[in-house]
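Structure first, then comments.
Nothing in this text is a laboratory measurement; each read-out follows from the coordinates by a stated rule. A quick note: this is a predicted structure, and the numbers were derived from the prediction, not measured. Neighbour counts are summed over all protein chains in view; Cβ atoms, including those assigned to glycine, are modelled from backbone coordinates with ideal geometry.
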Amino acid sequence: MDNKKITNMEVKRKNRNDVFRYICGNGMVSNPDISYALKLSLPTATQITKELIGRGLVEEKGEMDSTGGRRAKAMAVSQNAGKAVGLDITKNHISLILTDLTGSSLKYERIFLPYAAEDAYYPEVSQKLEHFLEDSGCSKEGILGIGISFPGIIDPDDQRVADSHVLGVHDLPFSAVSRFFSYPCHFLNDANAGAYAEGIRSENRDRFFYLSLSNTVGGAVYSNGNPEQGSNFRCGEAGHMTIVPGGKACYCGKCGCLDAYCSARCLTDGKIEEFFERLERRETQAVGLWDLYTSYLALAVNNIHMILDCDVVLGGYVGSCMGEAIQDIRKKVSERNTFAEDGSFIRSCRHKIGAAAFGASLKVIEMFMEQV
Ligand SMILES: [Zn+2]
């Protein structure tokens with residue numbers, strides 16, 4: 001008897017969850033739309049939307065355009081139902097993004113603020129976040145939480161940042177960061193956040209590898225709606241694969257890591273967009289650097305593809321800005337590939353700006369949706 005009760009409750013919760021997700025993902029909808037798309041009876045769909053309207057999560061918006069017969073009531077997600085913040089922390093910048101429940105980005109800002117291990121750093125980040133929210137006109141009460149993307153190994157079991165070589169952080173409890181913010185905080189690895197942005201709202205549910213090529217190189221294996229974690233939360237740490245035995249020194253203390261050959265800094269110390277402009281003009285130095293860079297990158301991409309047999313998405317500053325230059329990588333990978341593949345499994349990321357911050361905010365939204 002108890003089991004049956006739980007099952008009924010779970011079914012109700014799942015239906016409610018699916019309906020809310022459908023409304024968030026489809027803009028203006030009607031009960032018949034929901035009933036048809038989710039294969040629920042019209043009375044069930046109507047009952048659930050009534051409940052969601054009662055809770056202030058969904059609003060009535062007049063009537064749908066007539067498709068013949070009686071016009072159906074139109075509904076959409078309420079603008080006051082909640083918003084999420086994404087915060088991406090890197091060595092020299094923070095990026096902030098405000099996202100609504102439909103997954104639309106409302107405001108984005110990247111601010112120069114070098115990371116510092118002192119206690120003064122997080123209050124400053126918090127202050128900048130508050131200014132950002134004030135400028136957006138969003139009320140404090142409407143914020144569901146902050147997704148914090150961090151360039152390091154995130155250990156959710158022990159609630160700590162286990163390591164970040166690039167920031168010089170070791171064993172940092174989440175609470176030592178979250179105490180400076182007035183909203184619930186959720187921590188994600190930066191490459192996982194980028195992969196999340198790429199995968200979560202995509203129609204294509206296939207597994208893929210996300211290779212983040214920014215001032216550091218990271219990666220994530222995305223499958224079944226989430227980045228895989230691994231035994232030590234280091235799944236996909238492609239930046240520290242050895243690609244040249246005894247090669248260039250990496251910031252991690254080892255030699256010959258992919259990071260030492262394929263970080264954005266191997267191409268330029270300045271703006272990456274300007275590097276690609278020079279490449280397009282076929283400037284000798286840029287062409288030489290790109291040739292070397294893509295040789296190492298092709299090696300890494302081909303190895304990743306051999307192991308996982310899935311698409312490889314190039315993200316980060318380099319992946320976002322490379323445009324048609326991606327063909328050079330496809331060509332080199334295809335030359336290396338044992339199975340005569342044409343390199344079309346390599347693609348550029350969909351979210352070109354602030355992907356890690358965006359992914360972190362989407363994680364907060366997903367968590368909210370799951371408990372509706
Ligand atoms: Zn390394």
Among K91/K128; K83/K352; K12/K363; K332/K363; K254/K352; K61/K363, the pairs whose Cα-Cα distance exceeds 25 Å are K332/K363; K254/K352; K61/K363
So, with points 7 Å from each Cα along the Cβ direction, the E134-K91 label distance in nm works out to 3.3 nm
Shape descriptors of the chain over alpha-carbon atoms, Rg and Dmax in angstrom, are 22.8, 76
Potential lengthening between I6 and K50 on full extension [0.36 nm per residue; Cα-Cα distance subtracted]:
13.6 nm
May I ask for the distance between the Cα centers of region 311-372 and region 152-198, given as a whole number of Å?
22 Å
With the Cα gyration tensor of region 204-348 in hand, give its eigenvalues times 5 under a square root as the equivalent ellipsoid semi-axes, listed largest first in whole angstrom.
23, 18, 15
Name the residue farthest towards the positive end of the dipole of region 34-140 from the options S95, G62, V85, assuming +1 on Cβ of Lys and Arg, -1 on Cβ of Asp and Glu, about the Cα centre.
G62
Please determine, in degrees from 0 to 90 and to the nearest 10, the orientation of helix 121-136 with respect to the longest principal axis defined by the Cα atoms of the chain, where the helix direction is its Cα long axis.
50 degrees
When ranked by the protection proxy of mean other Cβ atoms within 10 Å per residue, highest first, what sequence do the peptides 109-121, 329-341, 209-221, 91-103 form?
209-221, 91-103, 329-341, 109-121
Which residue fluctuates most in the GNM of the chain (Cα springs below 10 Å): C266, C321, C185?
C266
How far is helix 355-370 tilted off the main Cα axis of the chain, in degrees rounded to 10, range 0 to 90?
30 degrees
Which of the trypsin sites (Lys or Arg not before Pro) found in region 210-293 are in a DSSP loop and have at most 16 neighbouring Cβ atoms, other than their own, within 10 Å?
R234, K248, K254, K271, R281, R282
Label-point separation (nm) for Q127 and Y36, each offset 7 Å from Cα along Cα-to-Cβ?
5.5 nm
Rounded to 5, percent antiparallel among DSSP beta bridges of the chain
65 percent
How large is ³J(HN,Hα) for each residue in region 91-97, as worked out from phi by the Karplus curve 6.51 cos²θ - 1.76 cosθ + 1.60 (θ = phi - 60°), to whole Hz, x for Gly and Pro?
4, 10, 9, 10, 10, 10, 9
D158 versus D65: modelled label distance in nm, points set 7 Å from Cα along the beta carbon direction:
5.8 nm
So what is the 222 nm mean residue ellipticity for the chain from helices alone, if each DSSP H run of at least 4 adds -39500 (n - 2.57) and you divide by all residues, rounding to the nearest 500 deg cm²/dmol?
-12500 deg cm²/dmol
